Amino acid sequence: EFLKEMYEKRRDWDKLIDVFRRELALTPDPDSRLEGYKNAARMATENIRDPDPGIELWNEALKRAPRDLEAIDNLKALYEKKRDYEALATILERRVRLLDDDAEKMKTYQTLGMLLSDRVQDPDRAIKAWQGALRLDPDDLKARKSVERLYVEQKRWEELEMPYASSGAY
C-alpha cells in the first residue's frame, strides 16, 4: 500500500502498475483479480503514452472475461493508436460477434471490411466482413460494391455472378 501511494504521488506509473501486477498475482478471488486488471489497465491507458502496458493488461482482463466489451473497446483504441492493424482486425472480429445492436454491428463490419482490404490486405477476411454487413442490410451499396471489387480483384467470377443470377440482373 505504501509503495502504491508513493508511486502514485511521484506519477511513476510503470512501477505502480508493476506493484498492481504483483498484488494481482496474490489475489485468490477471480472477480477481484478481473476488476484489479481492469483498474490497472485503465490507469495504464490514461497515464502511459506507450500503448503496450495497457494492451497487455486489457488482454489479461479479456482472458478472464472473454465477453467484456469494455476490454475489447479499449484494446481497439490502443491497437489503433499503435497502428497494429492485424491485432485491430482480430479484436474487431471478436467485437462484432458479441454485439447485439445491428447499427453497431454494421458500423463494425464496415470498419473491419475497409481495414482488412486496405491495411491488412486479407481479401478473404474482408469479403467475410462485407458479407456480414450485407446480411444485416442487403441493400447497402458500399458493402455490395466492396464485395464486387474484391471478387474482381481475386478473379472469383462465379461468386461475383451469384448475387446477380439470383435476382436475374445480369
Quiz item: What ranking do 84-91, 46-53 get when scored by the average of other Cβ atoms within 10 Å per residue, highest first?
Solution: 84-91, 46-53
Quiz item: Could you name the lysines in cross-link range of Lys81, using Cα to Cα under 30 Å and dropping any fewer than eight places away on the same chain?
Solution: Lys4, Lys9, Lys15, Lys38, Lys63, Lys105, Lys107, Lys128, Lys142, Lys145
Quiz prompt | Computed lengthening from Thr27 to Met114, 0.36 nm per intervening residue step minus Cα-Cα distance | solution = 27.1 nm
Quiz item: Which peptide among 5-16, 154-165 comes first, and what is the full order, when sorted by highest mean count of other Cβ atoms within 10 Å?
Solution: 5-16, 154-165
Quiz item: Once label points are set 7 Å from the Cα along Cα→Cβ at both Lys9 and Asn39, what is their separation, rounded to one decimal in nm?
Solution: 2.0
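Given the rule -39500 (n - 2.57) for each run of at least 4 DSSP H residues, summed and divided by the residues of the chain, what is its mean residue ellipticity at 222 nm, to the nearest 500 deg cm²/dmol?
Helix-only estimate at 222 nm: -25000 deg cm²/dmol.
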Quiz item: So, with +1 on the Cβ of K and R and -1 on the Cβ of D and E, and no other charges, what is the size of the charge dipole of segment 1-155 about its Cα centre, to the nearest 20 debye?
Solution: 360
Quiz item: By how many degrees, between 0 and 90 and to the nearest 10, does the Cα long axis of helix 30-47 differ from the longest principal axis of the chain?
Solution: 80
Quiz item: HN-Hα J couplings of segment 8-18 from phi, Karplus 6.51/-1.76/1.60, θ = phi - 60°, integer Hz, Gly and Pro as x?
Solution: 5, 4, 7, 6, 9, 5, 4, 5, 5, 5, 4
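Bear in mind these aren't lab numbers, they're just calculated from the coordinates by the rules spelled out. Keep in mind the model is a prediction, meaning the values are calculated, not measured. Cβ atoms come from the backbone with ideal geometry, glycine included; neighbour counts cover every protein chain shown.
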